[in-house]
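Chemist: Let me give you the structure first, and then I'll get to my questions.
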Amino acid sequence: MRERWRSLPTQTIWAVVLAAGLAVGGLALVAGWKIRQTAYQQTFEQLLRQADVLEPVFRPYLPLSSPTKPVEETLLDKKAFSERSGSKSKPSEWGSSSASSLPETQRAVQELCLQMARASQTRITLILSDGTVLGESEEKPDLMEPHSSRPEIRQALQGQPATSLRYSHTLRQWMFYAAIPIREGDRTLAVLRLAQPKAEVDRQLQSLWLWLAGVGGVMLSLGVAVGLWLLRPFLIGWKVLLQGAKRLVQGDWATPIALAGPADLRQLADCLNQLAQTLQGRQQSLLAQESELQAILTSMTEGVLAVDSQRRVVSINPSAAELLGLEAEPSASRALEEITRYPELNRLVDQVLTSGETVVAQIRLPGPPPREVQLQGTVLRDADQEPLGALVVLRDVTRLRQLENLRRDFVANVSHELKTPLTSIQGFVEALLEGALHDPDQAERFLKIIAEQTQRLQNLVEDLLSLSRIEQEAESQQIRLELGPIRGVLESAIELCRPKAEEKQIPLHLDCPEDLQVPRNAALLEQAVVNLLDNAIKYSSEGQPVLLEAFQQGQEVVIRVQDHGCGIPPEHLDRIFERFYRVDKARSRKLGGTGLGLAIVKHIALAHNGRVAVESQVGQGSSFYIYLPIPIPQDSLSTVQGGQA
């Protein structure tokens, strides 16, 4: 309610009412003051006119002798003159009756004052030049003090009409006074004063003021009504403008503000509409940038963690949450210590905030699975390059570390695999040079060993070259896959391995449908199957059968090689397809293996967009699998899409 009273429309309405009230009130005050002054002036003028009319009536009753004579003497002279002249008695002449005396003359003047006062509705006073009150319509003259000190009397005795508004101590009220001199030549015989109570004039003015108040109220109402009518467009425009501004605050940029009201408000509404369009464009741009940034952060494989200077989380992407083992992305403004318990991460953030430099560290996350994570922290700055906090990038380097380990193992294994036959060849060559060459039996035995080690080196080099060639062609997509049956490929592989199998009396069985087809490179697929069969024959006992079968499973063709050999312990299954990895190194070298056969199988399967797997139980044998994808025919794909539509 209080806010409503403070609103601009309410204040404007009250301003109009107040302005109209002040204008009408001020006009009423000025008009009332002017009317009162005019009424007072008219009262004075009316009293003067009445005095001028009554002056001839009172003149005959005044003494005409010299003012040097006492009043009583003058009156007696007038009386004696009347008696001698034998004139008849007249009410208007002094001493007209022979029986008249001074009190009788005064009574005549007093009676005249009373009569004239009743006729003119005024107070009439006749004062002689010495201030003596000769006649008074409201009081007894003989009880009244001399009036020569009264201001209007004093001025009239000087020969000029006089007026005065003052408090009458005789009647104890405010009175209007008008006094005129009664002169005889240059001599002032008396002063005729008329008076009227101020209360009577005020009563007359009161009714006039009531009328003025009514007219003022009507004028005020009309003024307020006209003012509000003139303000109506402004108030409507302001209401529309205020509602539009509220919509802008609430985020409604699409609805324009209607152009209503005076020109200034319409111009302001147009400016707000232009501002809304600008802000809407900027908001859309910011939202697009925020969406792009969020999409980038979400799509990043690296984790991104941002904290402010108080170590509160500002932002964290899903990769960082997943690396740190968080079930969900934590809400912003939470302390870093609340969401993670890794001291290495906390120390890195402290170092970045303290030093202001880039800090790199590495931590091992327990998992599962265990991970090696590289941390890189840098200072987070604003547009003015002022520090805001720290930005930490978490990079999963587990695979990189594994590859580095594989590289080191590969170099060590290759060096070892090459060094062993080279050392053997070098030793037997030195033995031959030292004299064994002259012993035919010894020389022949040494030369056979040298030939075996040389063949071993050749096999190793060929496997390395083959593996390298398969990897390069697969990466450059130079391996051509043709859709065709695979039974012929499997039969060729069995025929290549049959001599070795017959040496150990191992039967080879094939189970493959004639019409089973898959996109394949026949030569590479044959090499992979040969490697699997060769391993199965090597690690199987005499007389134990080896099964080669192929079948369709879903959208894949599965090639399975099953033996009944010694089996593979479970701890070696995850690394069995790595280069130079051997479960039993001594037995593997004794059987002539290079340690690259299964690695070649794996890379051939990858070149076919497939995969490999192994199942094994110690003492019962192993099963190796090659999974090759079957492409969906285009017409079948169209049928499926049409059914879904």
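The values are calculated or read from the model by the stated rules, or taken from the named source; none is laboratory data. Keep in mind the model is a prediction, meaning the values are calculated, not measured. Positions of Cβ are generated from backbone atoms using ideal geometry, with glycine treated the same way; all protein chains shown enter the neighbour counts. These accessible areas exclude ligands, DNA and RNA; they are computed on the full protein's heavy atoms, side chains included. Shrake-Rupley method; radii C 1.70, N 1.55, O 1.52, S 1.80 Å.
Chemist: Rounding to the nearest 20 debye, state how big the charge dipole of the range 329-381 is about its Cα centre with +1 on each Lys and Arg Cβ and -1 on each Asp and Glu Cβ.
Modeler: Charge dipole of the range 329-381: 60 debye, to the nearest 20.
Chemist: Which is the longest stretch in the chain that no exposed loop site breaks, taking sites as GluC sites (Glu not before Pro) with a DSSP loop state and at most 11 other Cβ atoms within 10 Å?
Modeler: 1-326
Chemist: Give the angle, between 0 and 90 degrees and rounded to the nearest 10, that separates the Cα long axis of helix 198-249 from the longest principal axis of the Cα atoms of the chain.
Modeler: Approximately 10 degrees, to the nearest 10.
Chemist: Grab the Cα-Cα distance for Q505 and V249, subtract it from 0.36 nm times how many residues apart they are, and report the gain in nm with one decimal.
Modeler: 83.2 nm
Chemist: Angle, helix 263-299 long axis vs. longest principal axis of the chain, Cα atoms, 0 to 90°, nearest 10?
Modeler: That helix lies at roughly 20 degrees to the long axis.
Chemist: Just need the relative contact order of the range 190-262 here, percent rounded to a whole number, with Cα pairs under 8 Å and 6+ apart.
Modeler: 29 percent
Chemist: Moving on. Given the options N459, S221, Y61, identify the residue whose Cα lies farthest towards the positive end of the charge dipole of the chain (+1 on Cβ of Lys, Arg; -1 on Cβ of Asp, Glu).
Modeler: About the Cα centre, the residue reaching furthest to the positive side is Y61.
Chemist: Right, here's the next one. Counting only heavy atoms of the protein chains, get the accessible area per residue of the range 91-234 (1.4 Å probe) and round it to a whole Å² value.
Modeler: Per residue, the range 91-234 has an accessible area of 53 Å².
Chemist: Once ligands and nucleic acids are excluded and a 1.4 Å probe is used, how much of C271 is accessible, expressed in Å² to the nearest 10?
Modeler: Rounded to the nearest 10, that gives 70 Å².
Chemist: Let me ask another. Dipole magnitude of the chain about its Cα centre, charges +1 at Lys/Arg Cβ and -1 at Asp/Glu Cβ only, in debye to the nearest 20?
Modeler: I would put it at about 4600 debye.
Chemist: Quick check on the chain: helices-only [θ] at 222 nm, where DSSP H runs of length 4 and up contribute -39,500 (n - 2.57) each and the sum goes over total residues. Nearest 500, please.
Modeler: When only DSSP H runs of four or more count, the value is -18500 deg cm²/dmol.
Chemist: Pairs to check: K34/K140; K419/K448; K500/K602. Give those whose C-alpha atoms are more than 27 Å from each other in this structure.
Modeler: Where the Cα-Cα span goes over 27 Å, the pairs concerned are K34/K140.
Chemist: Going from most exposed to least, what order do H147, H169 have by accessible area with a 1.4 Å probe?
Modeler: The ranking, largest first, comes out as H169, H147.
Chemist: Right, here's the next one. Full-extension gain between A213 and D409, please, as 0.36 nm times their residue separation minus the C-alpha to C-alpha distance.
Modeler: 59.2 nm
Chemist: Could I ask something else about it? Charges on Cβ only, +1 for Lys and Arg, -1 for Asp and Glu, centred on the Cα centroid of the range 164-311; of L268, L286, A199, which one is farthest towards the dipole's positive end?
Modeler: A199
Chemist: Would you check the accessible area of K140, probe 1.4 Å, heavy atoms only, in square angstrom rounded to 10?
Modeler: Estimated to the nearest 10 Å², K140 gives 130 Å².
Chemist: Got a sec? What order do R49, R498, R266, R371 fall in by accessible area at 1.4 Å, biggest, i.e. largest, first?
Modeler: So the residues, ranked largest to smallest area, are R49, R266, R498, R371.
Chemist: Follow-up. Using a 1.4 Å probe over the heavy atoms of the protein chains, calculate the carbon and sulfur portion of the accessible area of the chain as a whole percent.
Modeler: Percent of accessible area from carbon and sulfur atoms in the chain: 54.
Chemist: For the chain, take the longest principal axis of its alpha carbons; what is the angle in degrees between that and the long axis of helix 398-433, to the nearest 10 within 0 to 90?
Modeler: Helix 398-433 and the main axis of the chain meet at about 20 degrees.
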